[in-house]
Amino acid sequence: MGKVKRNAPCPCGSGKKYKKCCGSKAADIPADIAAKEAKQIQENLMEYAFTVHRESISSFINKHEFISSMDRQTKDISVFNLGIWGIFFRELADGKTIFEDYLQKKGGSINRPKTREIVESWKSMTPALMLLEDIKEGMIHFEDVMTKKQFKVEMDANQQDLPPVGSLILGYPIHEAEKAEFFMQFTIFPVKRTAALISKVKKAAVQGKSPERFMEEDFDTVLAALLGNAEETKPSTEENRTEWANDMEKETADAIEKGMTGDEYPAELLPAVIDLWKSFCDKKTPTIRKPEAFAAAVEYYVNSISLSGASVSQAKLAKKYGVSASTISSRYKEIESALQDEADRFAAALTS
C-alpha cells in the first residue's frame, strides 16, 4: 500500500480524512479514538462469548460448584470473573480460546492499527489480585499480591467511586509501559478483610508454579478462596435480627453505624436508620462497589427527611466518608426515588 494522501479517507475506516485521523500530528487523538474502540471491542467480545459460545462458556462456569451456594450479587461477580478467565485461558474443542476464535472471525473489522495493537496486547493479560497502596495525582498505585510487581492506573475520582487505600482489588490489568488499565470491571474487597483474604489465597497457591502461571491456570482456586466460603464470625445481637442479602449490604450497614454513632445523633435513632437501609436494599438490590458511598447518602437522606431539610452538606459527608460529593448526590437520588412512598413513615420513625 502506498503513502496515504492527507485529504484521502483514513484507511482505518473511521470515515474521517487521513489528516484529521491517523495522519494527525496530534498523536493523542488517534490514541484516544483507539482506546474508545478497544473498550467497545471488550463489550463485543463478551457478547460474542455468551452468545456464539453460550453452551461452552455456561458449561465451563457451572462446573465450579462453589458458586451454587452464593448469594445473587456474589454469584454475579464470580460468573463475570470466571467468564473472562474462560474466554482467554480455556481452550475450545478445536484448541483455540474464545478470544482467539473471536480474533479469527471478527478481527478483520478492526481497521485502526493502534486499536489492533491494543486488542492484541490482551493475549498477555493475566488475572491479578492487587493491593491498593496509594492514590495521588489522579493515579492509583497498586502492588500485585502474588508477583509483588507495582503499577499505576489512571482513574477519575469525579467519575467513579474510588476504593480506599488498603483495599484488595481483583481484576484483569492490561499493562502498557508504566501504566495499566482494567479489562472491563474489577472487584473490590473491604479493607478489613485484606489480611485474611491475602492469607487464604497464598495458602491456596500451588507449590512449584510461578505466580503468573498459578493465576492463569488456577484462577478458580483464587476465586473460591476469595468468594467461596466466607469466614464465619460470631454474629452480634443486631446481626441476629437483620439478615442481609450479601456482604456488601452488611458492610454498608456497618459503615452507617460507624458514621452515625457519636454525639451528632441520638443512639435510639440508629435502629430506624438501619431499617431504612434494609428497606432500600429489599426494594432495589443495589450493586455496591463502595459501602461508604451509600452510607454517606443514607446519612444525608436521614437528615433531609427528619430534620426539615439536610443539616449537613454533601461536601462535609464526602470528606467524612472518603467519597465524592457527586457520588453522594447520585446515591441519595436513588434512595429518595426508591423510598418516596415510605418517606413519611421513616420520617415519623426517625423523629419519634
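The values are calculated or read from the model by the stated rules, or taken from the named source; none is laboratory data. Since this is a predicted model, take the numbers as computed values, not measurements. Positions of Cβ are generated from backbone atoms using ideal geometry, with glycine treated the same way; all protein chains shown enter the neighbour counts. Please note that ligands, DNA and RNA were not included when accessible areas were found on the heavy atoms of the full protein model with its side chains. Shrake-Rupley method; radii C 1.70, N 1.55, O 1.52, S 1.80 Å.
General observations
- Being modelled with pLDDT of 90 or more, among the aromatic types (F, W, Y) and either surrounded by 15 or more Cβ atoms within 10 Å (Cβ to Cβ) or not in a loop (DSSP other than H, G, I, E, B) (or both) is a description that applies to F88.
- Hits in the stretch 177-192 - residues which are open to solvent by less than 40 Å² (accessible area, probe 1.4 Å) and in contact with a Gly (Cβ under 6 Å, 6 or more places away or on another chain): F182, F186
- Residue within the stretch 182-191 that is in a helix (DSSP H, G or I) and not assigned by the TED database to the domain that holds P291 present: yes
- Verdict on S58 being open to solvent by less than 80 Å² (accessible area, probe 1.4 Å), among the hydroxyl-bearing types (S, T, Y), modelled with pLDDT under 90 and outside the structural domain of F182 (by the TED database): no
- For the stretch 121-150, the candidate set comprises residues that are without any contact (Cβ under 8 Å) to a residue 60 or more places away in the chain and touching a helix residue (DSSP H, G or I) at 6+ places or on another chain (Cβ under 8 Å); within that set, the residue that is farthest from E217 (Cα to Cα) is V145.
- Residue pairs whose Cβ atoms lie under 6 Å apart, separated by 6 or more positions or on different chains, with the first residue in the stretch 44-73 and over 20 Å from E91 (Cα atoms) and the second at pLDDT below 90, are F66/G228; I67/K75; D71/A245; D71/N246; Q73/N246.
- Among residues of the stretch 193-227, those that are assigned to a helix (DSSP H, G or I), among the small types (G, A, S) and surrounded by 13 or more Cβ atoms within 10 Å (Cβ to Cβ), counted: 3
- The sole residue among Y332, Y321 that is at pLDDT 90 or above, open to solvent by 30 Å² or more (accessible area, probe 1.4 Å) and among the aromatic types (F, W, Y) is Y332.
- Conditions (1) buried (at least 19 other Cβ atoms within 10 Å of the Cβ); (2) at pLDDT below 85; (3) β-branched (V, I, T): number failed by V145: (2)
- If you go through the stretch 91-109 and pick out every residue that is outside any helix (DSSP H, G or I), out of contact with any strand residue (DSSP E or B) (no Cβ under 8 Å at 6 or more places or on another chain) and open to solvent by less than 80 Å² (accessible area, probe 1.4 Å), you end up with 3.
- One residue stands out among those in the stretch 228-257 that are open to solvent by 70 Å² or more (accessible area, probe 1.4 Å) and outside any loop (DSSP other than H, G, I, E, B): the one that is modelled with the lowest pLDDT, which is T237.
- Qualifying residues in the stretch 148-176 (those that are modelled with pLDDT under 80, more than 11 Å from the chain's Cα centre (by Cα) and of a type in the set (D, E)) - the one surrounded by the most Cβ atoms within 10 Å (Cβ to Cβ): E176
- Sole residue being touching a Leu at 6+ places or on another chain (Cβ under 8 Å) and hydroxyl-bearing (S, T, Y), chosen from S109, S78, S58, S124: S78
- Being touching a residue at least 24 places away in the same chain (Cβ under 8 Å) and in contact with an Asp or Glu (Cβ under 7 Å, 6 or more places away or on another chain) is a property that V191 lacks.
- Test: V79 is open to solvent by 20 Å² or more (accessible area, probe 1.4 Å) and in a helix (DSSP H, G or I): yes
- Of all positions in the stretch 273-290, at least one carries a residue that is touching an Asp or Glu at 6+ places or on another chain (Cβ under 6 Å), open to solvent by 70 Å² or more (accessible area, probe 1.4 Å), modelled with pLDDT of 80 or more and at negative phi.
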